[in-house]
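Here the structure comes first, spelled out in structure tokens, and everything after it is commentary.
The values are calculated or read from the model by the stated rules, or taken from the named source; none is laboratory data. These figures come from a predicted structure and were not determined experimentally. Here the Cβ positions follow ideal geometry from the backbone for every residue, glycine too, while neighbour counts run over all protein chains shown. Note: accessible area is taken over every heavy atom of the protein model, side chains too, but ligands, DNA and RNA are not part of it. Shrake-Rupley method; radii C 1.70, N 1.55, O 1.52, S 1.80 Å.
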Amino acid sequence: MKFNEISFLLFLVFLVSCNNSNTSKRTNVLIKNENNQDVKVPLRNDFENQLFITATSLDDNGDLELGCDCCSSNFYFIDKSKFIEVAYCLHEDSYLKGNYEIVKDGVMLRYDQEYLNIETNLEINPDSTETWKNKYIYRKSDGEGKVSWKKNKSNSIFKTSFGEYARIDNSKTEFLKRISADSKVKTFLRM
């Protein structure tokens, strides 16, 4: 009798553990294969260890329209939960970081409150007493910043809740070299 009770308890533990593994978050996205059939693909694979670039509009070919000041950023998804953003402007770049999670219809990014601005003096005048080239300014945002990304009509482009578009950027090696070269940026981003 005692053996049957132990066997029954072990069976219950096994059953519960199997049910828990099936309920883990595993979000998929449907994409079209070469036969125009819907295929489920894990969405997480689209982000982890990937570099994305954003822009405010699409060109006539449906790709990102790049080239204006303060309208492009890089997002690097470091691992399964952390990301960094570098927002580019001529006079300053902003370095932000936070956490992300895969949600049913895309991805949700939540920013840390602290961020780093690097102001660049574009008008260094040899006759001036100004000698700085870059100023590092650590700032704190007022509240929680978050943005969601959802698949756009194109399978390779996302639309953000800020009205921007994002796609994979193939310059990850150069991007990582650039941000690792600045010791203050590297320390802030903890890379």
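Applying 1/(1 + (r/R0)^6) with R0 = 25 Å to the Cβ-Cβ distance of Arg190 and Lys150, what FRET efficiency is obtained, to the nearest 0.05? Calculated value: 0.30. Only protein heavy atoms count here; on that basis, with a 1.4 Å probe, Val103 has an accessible area of about 40 Å². Work from the charge dipole of segment 65-187 (Cβ charges, +1 for Lys and Arg, -1 for Asp and Glu, about the Cα centre) and give the residue of Ile84, Gly106, Ser171 farthest towards its positive end. So the residue we want is Gly106. Assuming R0 = 22 Å, can you tell me the calculated FRET efficiency for the pair Ser57 and Met108, based on Cβ-Cβ distance, to the nearest 0.05? The computed FRET efficiency comes out at 0.45. Estimated at 0.36 nm per residue, the fully extended path between Thr120 and Glu101 surpasses their Cα-Cα distance by 3.5 nm. With r defined as the distance between the Cβ atoms of Tyr138 and Leu90 and R0 fixed at 25 Å, what FRET efficiency is calculated, to the nearest 0.05? Taking R0 as 25 Å, the efficiency between Tyr138 and Leu90 is 0.75.
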